[in-house]
Each structure stands twice: as structure tokens, then as C-alpha cells.
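Taking it in order: structure first as C-alpha cells, then the write-up.
The values are calculated or read from the model by the stated rules, or taken from the named source; none is laboratory data. Since the model is a prediction, treat every value here as computed from it, not as a measurement. Backbone-built Cβ (ideal geometry, glycine too); neighbour counts: all protein chains shown. Areas reflect the complete protein model, heavy atoms only, side chains present, ligands, DNA and RNA absent. Shrake-Rupley method; radii C 1.70, N 1.55, O 1.52, S 1.80 Å.
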Amino acid sequence: MKITIIGAAGQIPSYLIPMLQKQTDAQLTLFARQATQRLLGFSNPCVRIIDGDATKANDVKMAITDADVVFMDFDGPEAIKNVITVMDQLAKKRLIVAGLLGVFDEVAGAFGKWNNSMIGSGYRPHKQAVTALENSDLDYTYLRMTWLYNQDGNTRYEIQKKGQPLIGAQVTRQAISQYVIDLIQDPKLGIREANAVVEPNTNFAKPSFY
């Protein structure tokens, strides 16, 4: 399998890349601005590193031409729309996007109030991104990630479907990475879904690290 990671210099890919290398035999393409400088530590015969801008069609086309799965570590609407267009041109289908909780105004209770006070008017571009995905014909999964932190060995997550109140104040980047791998390994999992990803038993008024 061939996997392209767009935004590969981000924090989630710093865990996802080595976990993919440990759990799969996938060939990876790591795509980011100044990737050849920032990602040299991941260089090996099964890894291709490409400098590029996700808002530029030719750059994205170079990165995903051979890809079976594309993972985006961010959901900027301009980049999302460009990736959708290029994937359509290349007849690619599977796209996994790391996004934001609250895009459906689904965060409930005291945590919802705290979350809104922290994000404020910042939802708009994320809502544009998920709308573009829903209007596409791609086999997308949009991850409505709750508040992120790092904890080695903690890959616990649970999924909450669209239409449910989002309950769960935090989740590790390691758990997000494991969910992405689970999606990649099961081609029927999460298709055309915008799933909340939370750590079980974290129904807090705010994340424990705040």
C-alpha cells in the first residue's frame, strides 16, 4: 500500500509515521513545505519526501499520483478544495482529514461552553472544509478531534458519529494516529463519515491539562 501524508511535518505525523512503519509495510510519501529539510530523520528506501504547497495543484499531483490513501494533517479549506480537485482528476478516492470538533455545533454541556470560549469565531474555515468534503464524491473520513495532548502508550479512543452530542474533552495524538492506521487497514471503516474522536471516560468540563 502507498500512503501520502500531506502536512507531514505536523505533530500528529510525528507519531503516525513511526507507528505506520511499525504496524504496516506501507510505502510513505511525506509532503510538506520544506519537507526535505524538516523530515530528513524519516528518510529510508520506503519513504519519499517531497517539498510542496497543498494549495498548489501541481505540487499535490506529484505527491498523490501513486497513493492508495491520502492523509491530511490539517483542514484548511483552500487546501481541502485543491486536494479534492486533484484526487478527482487522478481518480483517487480515499482521503482522511484531521479536523476540528464543533463543526456541527455538536459539543454539549459545560465542555461545550468552555470549548466555544476558546475557539470563538474560529470554526468557520473548518466548517467550510467539512462541507467541501461532504459535497465531494470521495471516500473521506473527517476526524472531529477533541483537544489533543501527548502521552506515550496511550492509544485509547472511541468514535462518536455525526448527530450525537460530542462528549469527551481530550484525546492523545498517539490515539489519533492509531485510529488513522485502523482506518487505513480496514477499507470499509469510516467511509463518508465525520467522526468525533475522543478518549474514553473524559467527560470533563475542560481538558485535564488546562
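Summary table
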| quantity | calculated |
| --- | --- |
| Matching option when the condition is hydroxyl-bearing (S, T, Y) and either farther than 19 Å from F74 by Cβ or buried (at least 18 other Cβ atoms within 10 Å of the Cβ) (or both), among Y157, Y149 | Y157 |
| Selected residue (criterion: farthest from the chain's Cα centre (by Cα)) from residues of the stretch 63-95 that are within 18 Å of A9 (Cα to Cα), of a type in the set (G, A, S) and buried (at least 20 other Cβ atoms within 10 Å of the Cβ) | A63 |
| Pick from the stretch 44-59, criterion more than 19 Å from D88 (Cβ to Cβ) and open to solvent by 80 Å² or more (accessible area, probe 1.4 Å), ranking: modelled with the lowest pLDDT | P45 |
| Check on D88, under 25 Å from P187 (Cα atoms) and touching a Pro at 6+ places or on another chain (Cβ under 8 Å) | no |
| Qualifying residue in the stretch 112-120 (condition: among the aliphatic types (A, V, I, L, M), open to solvent by 10 Å² or more (accessible area, probe 1.4 Å) and without any contact (Cβ under 8 Å) to a residue 24 or more places away in the chain) | yes |
| Whichever residue in the stretch 169-199 is open to solvent by less than 40 Å² (accessible area, probe 1.4 Å) and in a strand (DSSP E or B) and, among such residues, is farthest from M19 (Cα to Cα) | A194 |
| Hits in the stretch 179-190 - residues which are more than 15 Å from D73 (Cβ to Cβ) and modelled with pLDDT of 95 or more | D182, Q185, D186, K188, L189, G190 |
| Members of the stretch 89-115 found to be of a type in the set (A, V, I, L, M), within 30 Å of K61 (Cβ to Cβ) and assigned to a strand (DSSP E or B), listed by number | L95, I96, V97, A98 |
| Filtered residues of the stretch 66-81 (kept if touching a residue at least 60 places away in the same chain (Cβ under 8 Å) and in a helix (DSSP H, G or I)) | A79 |
| Residue within the stretch 116-138 that is β-branched (V, I, T), farther than 16 Å from D73 by Cβ and not in a helix (DSSP H, G or I) present | no |
